[in-house]
Amino acid sequence: MTWRLMKNNTLFSIGVVICLLWLIISILAPFIVPYDPLEQNLMIRFSKPSAEHWCGADSLGRDIFSRVLVGSRISIGAGIITIIFAALVGMIYGGVAGYAGGRVDEIMMRGSELVQSFPTIILAMIICAALGPSLFNALIAMVIVWWPNYARVMRSMVIQVKTNEYIEASKSLGASNLRIFFKEIIPNSVGSIIVLATVDFGNAVLLFAGLSYLGLGSPPPTPEWGAMVSDGANYFTYWWIATFPGLGILTMSMGANFIGDGMRDFLDPKLRKEL
């Protein structure tokens with residue numbers, strides 16, 4: 001599927017290249033950075049991009065290029081962790097609601113709608129402020145505000161799948177509801193969740209960057225893209241401080257969206273014919 005998409009969808013190919021590049025960078029970052037991302041050198045503070053410091057230096061004389069590379073580990077890692085846990089919680093919650101149906105379904109989905117009634121960034125900010133600024137608390141807040149999206153998608157898929165004949169056949173053979181749910185329902189409903197997770201990954205990176213920008217994510221001096229953009233906003237005339245971490249956020253989220261759009265088009269029967 002991936003090769004066919006890359007062959008027929010240019011944007012998908014670009015997204016794959018961008019995301020793979022950033023993933024490789026995030027893994028190898030500690031071994032390829034030219035400077036210690038936490039090392040301060042006030043003699044070069046606010047230095048412009050040069051051959052020695054490709055992306056310049058910040059207000060404390062730290063090499064921005066090194067900080068952007070190392071910061072990718074936190075920003076990308078936060079996005080991956082958020083999507084994995086939000087998808088797991090949403091799949092189980094929405095799957096149970098859709099399979100049970102009736103009053104159970106109504107009560108459970110009203111709970112998810114309650115979370116969705118709040119703007120995502122506002123609710124995440126409230127949770128982070130209540131728990132206290134930290135990387136762990138920011139991840140908790142992001143999972144809390146994100147899981148209802150997966151619950152609703154999973155519920156709709158389960159409602160469709162549970163009416164199939166092979167589900168009735170499993171019941172007639174004496175299979176328990178738990179076995180049917182995990183062996184039949186979940187595997188046949190997970191396709192849409194994967195597509196949603198791919199699209200949401202870029203949005204998760206953006207949300208985490210937003211929380212860090214507001215001081216609710218990784219505490220200083222930890223290099224993180226959103227926090228670096230926030231630092232650059234305080235010294236707006238020195239454009240390179242915010243520009244390069246901002247480009248990291250932009251390219252990573254854009255690449256993830258390209259992949260998600262390509263997968264969605266491929267899995268849509270109407271659009272698949274055009275590929």
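The values are calculated or read from the model by the stated rules, or taken from the named source; none is laboratory data. Model, not experiment: these values are computed from the prediction. We place every Cβ from the backbone using ideal geometry, glycine too, and count neighbours over all the protein chains shown. Areas reflect the complete protein model, heavy atoms only, side chains present, ligands, DNA and RNA absent. Shrake-Rupley method; radii C 1.70, N 1.55, O 1.52, S 1.80 Å.
Centre-to-centre, using Cα atoms only, segment 140-168 and segment 58-81 are separated by 34 Å.
For Val229, the shell of other residues with beta-carbons less than 12 Å away shows a net charge of -2, using +1 for Lys and Arg and -1 for Asp and Glu.
Carbon-plus-sulfur fraction of the accessible area of the chain, 1.4 Å probe, in percent?
On the chain, the fraction of accessible area on carbon and sulfur atoms equals 67 percent.
Rounded to the nearest whole Hz, the Karplus-based 3J(HN,Hα) values (6.51 cos²θ - 1.76 cosθ + 1.60, θ = phi - 60°) of segment 22-32 follow the sequence 5, 5, 5, 4, 5, 6, 8, 3, x, 9, 10, with x at glycine and proline. Per-residue extension of 0.36 nm, minus the Cα-Cα distance of Ile194 and Phe46, leaves a gain of 49.0 nm for this segment. Computed from phi, the 3J(HN,Hα) profile of segment 189-203 under the Karplus parametrisation 6.51, -1.76, 1.60 (θ = phi - 60°) reads 10, 7, x, 5, 5, 5, 4, 4, 5, 5, 5, 5, 4, x, 5 Hz, with x in place of Gly and Pro. Remark: the chain carries 51 Å² of accessible area per residue (probe radius 1.4 Å; ligands, DNA and RNA excluded).
Under 5 Å from the amide H of Asp58 lie the amide H atoms of Phe46, Ile64, each residue being 5 or more positions distant or on a separate chain, with H modelled from the backbone and absent for Pro and chain starts.
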